[in-house]
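The values are calculated or read from the model by the stated rules, or taken from the named source; none is laboratory data. All of these numbers come straight from a predicted model, not from anything done at the bench. Virtual Cβ from ideal backbone geometry, glycine too; neighbours counted across all protein chains shown. Quick note on the areas: whole protein, heavy atoms, side chains included, nothing else; ligands and nucleic acids left out. Shrake-Rupley method; radii C 1.70, N 1.55, O 1.52, S 1.80 Å.
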Amino acid sequence: MSWSPRLRQRLLSALALVSFFLLWEVICLVVGVSDLILPRPSQIAVVLWEKMPLLWPHTLQTLKTTLAGFALGVLTGIVIGVAIGSSKLAYDVAYPLLVGFSSIPKVAVVPIFVVWFGAGTVPAILTSMVISIFPVVVNVATGLASTEPELEDVLKVLGASRRDVLWNVSLPRAMPYLFASLKIAITLAFVGTVLAETVAANRGIGNVMIIASGNFDVALVFSGLVILAALGVTLYLVSSWLESRVTGWSQRKGDMAMV
Amino acid sequence: MAEPSFIELSDVSLRYGTGTVALARTSLSIETGDFVALVGPSGCGKSTILKLVAGLLQPTSGGVIVRGREQGSPSVGGERLRLGIAFQNPTMLPWLTIRENVMIPLKIVPPFRASYRAKRNSEFADRAEALLAQVGLKGFGDKRPWQLSGGMLQRASLCRALIHDPQLLLLDEPFGALDQFTREELWAIMQSLWIERRPTVLLVTHDLREAAYLANRICVMSSRPGRILETREVPFSRPRTIQSSYAPEMAALVQALRMRIAEARSQEDQAESQEVAA
């Protein structure tokens, strides 16, 4: 067979995915697992289809909350990251504080947000924001700090100001780091949203799942899971695509060395 | 009093932190339009002198005066000295094309800075292309840095150092990482660029043939602490060729320099072993 390695790899990934669900289906049928414990993929698909009109508004709610939290988190993360990454002193001073904040389990901040803003969308947005800040800050700061000293010397000798160096060298240099962190942050933002929705909200997929699980509607719980997975993968792909558009230079695309 | 030199180092010492003395009471003057090479073993403070002249380091004592002004002092009015610099590592920005990399100084240095946006696709781009063609990179302006070999990147790095017509060009072993053929080719290119534009050049190198081929004057340095042992004129006529760099007179000069450095090194080793013994 003369398939290109890329096509081959894609076919194999697709095959792995299909086999996973097939295996799940078959094992459930053979072992006779109750659909109260683990519903079969085919059952989940049916529930997903039937309940879609009900699930759709919640899907949109979760998506909007996640995107809002993600956007706020990334913006804040970039601002903090640039601030602490462009000065050694700021970096050393702020780093312990940041590590402290980031090591707080994020589920613990939800009750605080609920006290402050009441149950609903706001705590969910804030949780997803808080959870997605840290990877952005660390990556942006690292990216800024990783400018080669010789390159900075070249610009300083030309009489470049700190701002010139930041705009022309440090920020573009930090872009691959930023986009790498976006892929992590978007996934975490989902975690934050769903977390807050299960604890303190009356809308969103997280809320649907917690209610469904109270009603032993396990197929509906799994439907929620499928929706979350689909949203997560979609947003990951979007960030990936953006990354390759903006920072293609760091992946050395194009023809190879000439000589 | 005579007209002050373009670059005056008087009794300059530099100590890193509280430890190593990189440079001890060194004096050096360079006239406008001269081509001076600093040679010596690694770690002798050659690059330190270059960085002092560039204003990237401040001396612990002594004065570094460039064109009548203390280097590193805040520029009070007047036009800033135009400097160009190239290192052993070409340090091209990977997200820009070669042409854009070469044009970086035009983006930063006045008076080009003010009209960069307006002229970057016309006049400045032509200027970069012309310079690239001069170093043998015609047609490579649109390539990205990773598509070029090390020798080609070093050529581009020379273009970047020269695009804004610097009055002073600082070269820190720019040909150090290249193979011999590429190196000799770049010597010839460097020489013709210097003859054409006549910037003042300070070249740091450990290659004695390179110094003899390119420079008007060679300063031999010793290490620990770094100081200038002796200065030699290079009397050979220009343009010099690779053939002439193997001529007996040139070979004799290189040999003499080599002996001087070897002598300094052996004295140093003796001094060191005495220190250890004591």
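Quick one: would you say B:Arg240 is open to solvent by less than 40 Å² (accessible area, probe 1.4 Å), in contact (Cβ under 8 Å) with a residue 12 or more places away in the chain and in a loop (DSSP other than H, G, I, E, B)? Judged against the criteria, B:Arg240 is a match. Filtered by the rule that a residue be closer than 14 Å to A:Ala212 by Cα and exposed (fewer than 12 other Cβ atoms within 10 Å of the Cβ), segment A:31-53 gives A:Leu36, A:Ile37. Please determine, by comparing only the residues of segment A:241-254 that are within 14 Å of chain B (Cβ to nearest Cβ) and open to solvent by 80 Å² or more (accessible area, probe 1.4 Å), which one is modelled with the lowest pLDDT. Ranking the candidates gives A:Lys253 first. Checked against the criterion of being within 17 Å of A:His58 (Cβ to Cβ), open to solvent by 30 Å² or more (accessible area, probe 1.4 Å) and of a type in the set (Val, Ile, Thr), the candidates A:Val238, A:Val233, A:Val208, A:Val226 yield just one match: A:Val226.
Matching residues to (1) part of a loop (DSSP other than H, G, I, E, B); (2) out of contact with any strand residue (DSSP E or B) (no Cβ under 6 Å at 6 or more places or on another chain); (3) among the acidic types (Asp, Glu); (4) open to solvent by 10 Å² or more (accessible area, probe 1.4 Å):
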position	(1), (2), (3), (4)
B:Asp165	yes, yes, yes, yes
B:Leu169	no, no, no, no
B:Gly176	yes, yes, no, yes
B:Phe181	no, yes, no, yes
B:Ile189	no, yes, no, yes
B:Leu203	no, no, no, no
B:Ala211	no, no, no, no
B:Val220	no, no, no, no
B:Glu230	no, no, yes, yes
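Just to be sure before I move on: is A:Ala124 touching a helix residue (DSSP H, G or I) at 6+ places or on another chain (Cβ under 8 Å), small (Gly, Ala, Ser), more than 11 Å from every other protein chain (Cβ to nearest Cβ) and within 16 Å of A:Arg173 (Cα to Cα) in the structure I sent?
no
Scanning segment A:162-184 for residues that are without any contact (Cβ under 8 Å) to a residue 40 or more places away in the chain and at the interface with another protein chain (Cβ under 9 Å from one of its Cβ atoms) turns up A:Asp164, A:Asn168, A:Val169, A:Pro172, A:Arg173. Within segment A:57-69, is even one residue in a helix (DSSP H, G or I), among the small types (Gly, Ala, Ser) and closer than 23 Å to A:Leu235 by Cα? Yes, because at least one residue in segment A:57-69 is in a helix (DSSP H, G or I), among the small types (Gly, Ala, Ser) and closer than 23 Å to A:Leu235 by Cα. A:Leu60 meets all of the listed conditions (1) over 20 Å from A:Val136 (Cβ atoms); (2) in contact (Cβ under 8 Å) with a residue 24 or more places away in the chain but one, namely (2). Taken across segment A:134-144, residues that are part of a loop (DSSP other than H, G, I, E, B) and either aromatic (Phe, Trp, Tyr) or open to solvent by 30 Å² or more (accessible area, probe 1.4 Å) (or both) do not occur at all.
Within segment A:112-129, being in a helix (DSSP H, G or I), open to solvent by 50 Å² or more (accessible area, probe 1.4 Å) and of a type in the set (A, V, I, L, M) holds for A:Ile112, A:Val115, A:Val122. Screening A:Val191 with (1) open to solvent by less than 60 Å² (accessible area, probe 1.4 Å); (2) within 17 Å of the chain's Cα centre (by Cα) gives one miss only, at (1). In segment A:25-50, the residues that are in contact (Cβ under 8 Å) with a residue 40 or more places away in the chain reach residues that are surrounded by 16 or more Cβ atoms within 10 Å (Cβ to Cβ) and of a type in the set (S, T, N, Q) with C-beta atoms within less than 9 angstrom, at least six apart or across chains, in these pairs: A:Asp35/A:Gln43; A:Ile44/A:Ser223; A:Val47/A:Ser223; A:Leu48/A:Ser223.
The residues listed here are A:Ile44, A:Ile104; of these, the one that is farther than 17 Å from A:Val194 by Cβ, assigned to a loop (DSSP other than H, G, I, E, B) and of a type outside the set (Asp, Glu) is A:Ile104.
Restricting attention to segment B:114-127, the residues that are among the basic types (Lys, Arg) and surrounded by 17 or more Cβ atoms within 10 Å (Cβ to Cβ) add up to 2.
Take A:Val221 and decide whether it is without any contact (Cβ under 8 Å) to a residue 24 or more places away in the chain, in contact with a helix residue (DSSP H, G or I) (Cβ under 9 Å, 6 or more places away or on another chain) and surrounded by 19 or more Cβ atoms within 10 Å (Cβ to Cβ). Answer is yes for this residue. Each residue in segment B:5-19 was checked for being in contact (Cβ under 8 Å) with a residue 24 or more places away in the chain and open to solvent by 80 Å² or more (accessible area, probe 1.4 Å), and 1 pass.
Just one of (1) surrounded by 15 or more Cβ atoms within 10 Å (Cβ to Cβ); (2) part of a loop (DSSP other than H, G, I, E, B); (3) modelled with pLDDT under 85; (4) in contact with a Ser or Thr (Cβ under 7 Å, 6 or more places away or on another chain) fails for B:Leu23. It is (2). Picking from residues in segment B:131-146 that are farther than 24 Å from B:Glu184 by Cβ and not charged (D, E, K, R), the one that is farthest from the other protein chains (Cβ to nearest Cβ) is B:Gly141.
Could you check, for segment A:145-152, whether at least one of its residues is of a type in the set (Gly, Ala, Ser), closer than 23 Å to A:Gly232 by Cα and either surrounded by fewer than 18 Cβ atoms within 10 Å (Cβ to Cβ) or more than 14 Å from chain B (Cβ to nearest Cβ) (or both)?
No, the conditions are met nowhere in segment A:145-152.
Matching residues to (1) within 17 Å of A:Ala229 (Cα to Cα); (2) hydrophobic (A, V, I, L, M, F, W, C):
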position	(1), (2)
A:Ala174	no, yes
A:Phe179	no, yes
A:Gly192	yes, no
A:Glu197	yes, no
A:Met209	yes, yes
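Table: residues versus (1) within 13 Å of another protein chain (Cβ to nearest Cβ); (2) open to solvent by less than 60 Å² (accessible area, probe 1.4 Å); (3) farther than 19 Å from A:Ser161 by Cβ; (4) of a type in the set (S, T, N, Q).
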position	(1), (2), (3), (4)
B:Gly55	yes, yes, no, no
B:Ser61	no, yes, yes, yes
B:Arg69	no, no, yes, no
B:Leu81	yes, yes, no, no
B:Ala86	yes, yes, yes, no
B:Pro94	yes, yes, yes, no
B:Ile98	yes, yes, yes, no
B:Pro110	yes, no, no, no
B:Glu129	no, yes, yes, no
